[in-house]
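Trainee: Can you keep this structure in mind? I'll have questions shortly.
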Amino acid sequence: MWLAQAFGSALFAGLTSITAKLGIRETDSDVATALRTCVVLAFAWLMAAITGDVAAIGRVAPASWLFLVLSGLATGASWLCYFKALALGPVSRVVVVDKLSVVLTMLLALVLFSEPIDGWGALGIVLIAGGTVLMALKDKGDAGAADVAAGTDWVPFALASAVFASLTAILGKAGIEGVPSNLGTAIRTTVVLVMAWVVVGLRGKGPLMAASPRSERGWIAVSGLATGASWLCYWAAMQDGPASVVVPIDKLSVLVAVAFSAAFLHERIGRRQAVGLALTVAGTLAMLL
């Protein structure tokens with residue numbers, strides 16, 4: 001059962017990006033992030049309630065609260081940048097560049113926590129970094145028309161998303177000691193929700209919500225549901241199955257996203273990007289050996 005749940009986690013994580021893309025064709029990306037977070041927040045607290053972790057909220061130390069809030073702010077910044085990248089660029093390339101967060105997290109963990117990087121980890125870093133560069137480069141020779149039109153305006157946002165995602169992991173690690181993981185996720189997501197709506201308010205984008213097509217708001221909600229379903233499957237798989245198998249399967253969500261982007265969004269990647277994707281997947285698997 002846990003094996004099916006692990007693949008379910010990868011499937012729903014891949015669907016998250018596709019459904020998000022469908023929800024921001026006309027809808028502002030900041031508004032979409034705020035709307036989507038409402039759904040994700042419900043799932044986060046549902047998971048904490050199911051596991052009984054909510055009861056531990058009174059025992060969270062002040063230092064843990066600080067790091068969890070900072071981690072939530074980093075998560076919010078990552079999601080805002082990621083949605084903006086999806087609005088500007090093709091899903092098949094954005095999701096791979098965002099994967100650079102794995103490399104950045106390992107490097108920050110080495111510097112801040114003295115966590116060692118073995119030979120496989122070093123190889124993974126090189127492969128993912130190389131794959132990210134290839135995916136970010138514009139390839140007019142063999143990329144699809146939509147990819148060429150998209151240009152590279154999405155790249156800085158995808159890179160920023162990866163940077164903030166890595167900070168999320170590092171700050172979360174510092175603040176999660178003594179805090180159940182599901183409760184920590186729920187607290188961080190609450191911070192994300194507040195941050196997302198503050199950004200919408202400060203940028204005067206509230207009126208844009210009414211201009212968002214109803215169908216796109218539906219896709220945004222589905223994206224949030226997909227994220228929640230992915231979390232539920234992932235933690236269920238981790239509870240019953242070995243992490244050494246569950247984690248690699250979950251990381252293959254990038255392949256799911258690329259496959260669905262080709263099938264439903266008609267995105268094509270060139271030969272250069274295909275090599276970059278292969279390097280990124282190989283690097284991810286190498287890190288887990």
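Trainee: Can you pull out the residues in the stretch 102-133 that are outside any helix (DSSP H, G or I) and not hydroxyl-bearing (S, T, Y)?
Mentor: Looking only at the stretch 102-133, we keep the residues that are outside any helix (DSSP H, G or I), and these are 114-118.
E115, P116, I117, D118 - these are the residues of the stretch 102-133 that are outside any helix (DSSP H, G or I) and not hydroxyl-bearing (S, T, Y).
Trainee: Right, something else. For the stretch 50-85, what are the residues that are assigned to a loop (DSSP other than H, G, I, E, B) and in contact (Cβ under 8 Å) with a residue 40 or more places away in the chain? Don't jump to the end; show me each part of the working.
Mentor: Let us first name the residues in the stretch 50-85 that are assigned to a loop (DSSP other than H, G, I, E, B), namely 51-52, 60-61.
Selection gives T51, V60, A61.
Trainee: Do we find that S261 is of a type in the set (S, T, N, Q), more than 23 Å from W2 (Cβ to Cβ), over 15 Å from the mean Cα position of the chain (by Cα) and modelled with pLDDT of 85 or more in this structure? I'd like the intermediate steps shown before the answer.
Mentor: Working: of a type in the set (S, T, N, Q): yes; more than 23 Å from W2 (Cβ to Cβ): yes; over 15 Å from the mean Cα position of the chain (by Cα): yes; modelled with pLDDT of 85 or more: yes.
So S261 fits the description; yes.
Trainee: Name the residue that is modelled with the highest pLDDT, counting only residues in the stretch 153-177 that are in a loop (DSSP other than H, G, I, E, B) and farther than 22 Å from V281 by Cα.
Mentor: Of the residues in the stretch 153-177, the ones in a loop (DSSP other than H, G, I, E, B) are 153-154, 176-177.
Okay, now just the ones that are also farther than 22 Å from V281 by Cα, so 153, 176-177.
Values: D153: 88, I176: 67, E177: 69.
Only one residue tops the list, namely D153.
Trainee: Considering each of M209, M195, M238 in turn, give the residue that is in a helix (DSSP H, G or I) and more than 21 Å from the chain's Cα centre (by Cα).
Mentor: Numbers: M195 fails: more than 21 Å from the chain's Cα centre (by Cα); M238 fails: more than 21 Å from the chain's Cα centre (by Cα).
Just one listed residue meets the conditions, M209.
Trainee: Turning to a different aspect of this structure: If only one of V247, V194 is of a type outside the set (S, T, N, Q), surrounded by fewer than 20 Cβ atoms within 10 Å (Cβ to Cβ), modelled with pLDDT of 85 or more and under 26 Å from L46 (Cα atoms), which one is it?
Mentor: Details: V247 fails: modelled with pLDDT of 85 or more.
Just one listed residue meets the conditions, V194.
Trainee: Further question: Does G184 meet the test of being surrounded by 16 or more Cβ atoms within 10 Å (Cβ to Cβ), in contact with a Cys (Cβ under 8 Å, 6 or more places away or on another chain) and assigned to a helix (DSSP H, G or I)? Please lay out each step first, then the result.
Mentor: Working: surrounded by 16 or more Cβ atoms within 10 Å (Cβ to Cβ): yes; in contact with a Cys (Cβ under 8 Å, 6 or more places away or on another chain): no; assigned to a helix (DSSP H, G or I): yes.
No.
Trainee: Given the conditions (1) within 29 Å of A282 (Cα to Cα); (2) modelled with pLDDT under 90; (3) part of a helix (DSSP H, G or I); (4) over 21 Å from the mean Cα position of the chain (by Cα), which single one is not true for G141?
Mentor: Only one criterion is unmet by G141, namely (3).
Trainee: OK, next. Exactly one condition in (1) closer than 21 Å to L66 by Cβ; (2) at pLDDT 95 or above is not met by V200; state its number.
Mentor: All conditions are met except number (1).
Trainee: Residues in the stretch 81-123 that are among the charged types (D, E, K, R), surrounded by fewer than 23 Cβ atoms within 10 Å (Cβ to Cβ) and modelled with pLDDT of 85 or more: how many? Give the steps one after another, and end with the answer.
Mentor: Here is the first cut: in the stretch 81-123, the ones among the charged types (D, E, K, R) are 84, 93, 98-99, 115, 118.
Among the residues that remain, those that are also surrounded by fewer than 23 Cβ atoms within 10 Å (Cβ to Cβ) are: 115, 118.
From the residues that got through so far, the ones that are modelled with pLDDT of 85 or more too are 118.
Residues flagged as among the charged types (D, E, K, R), surrounded by fewer than 23 Cβ atoms within 10 Å (Cβ to Cβ) and modelled with pLDDT of 85 or more within the stretch 81-123 amount to 1.
The values are calculated or read from the model by the stated rules, or taken from the named source; none is laboratory data. Keep in mind that what you see is a predicted model, and the values were worked out from it rather than measured. Cβ coordinates were reconstructed from backbone atoms using ideal geometry, including for glycine residues, and neighbour counts include every protein chain displayed.
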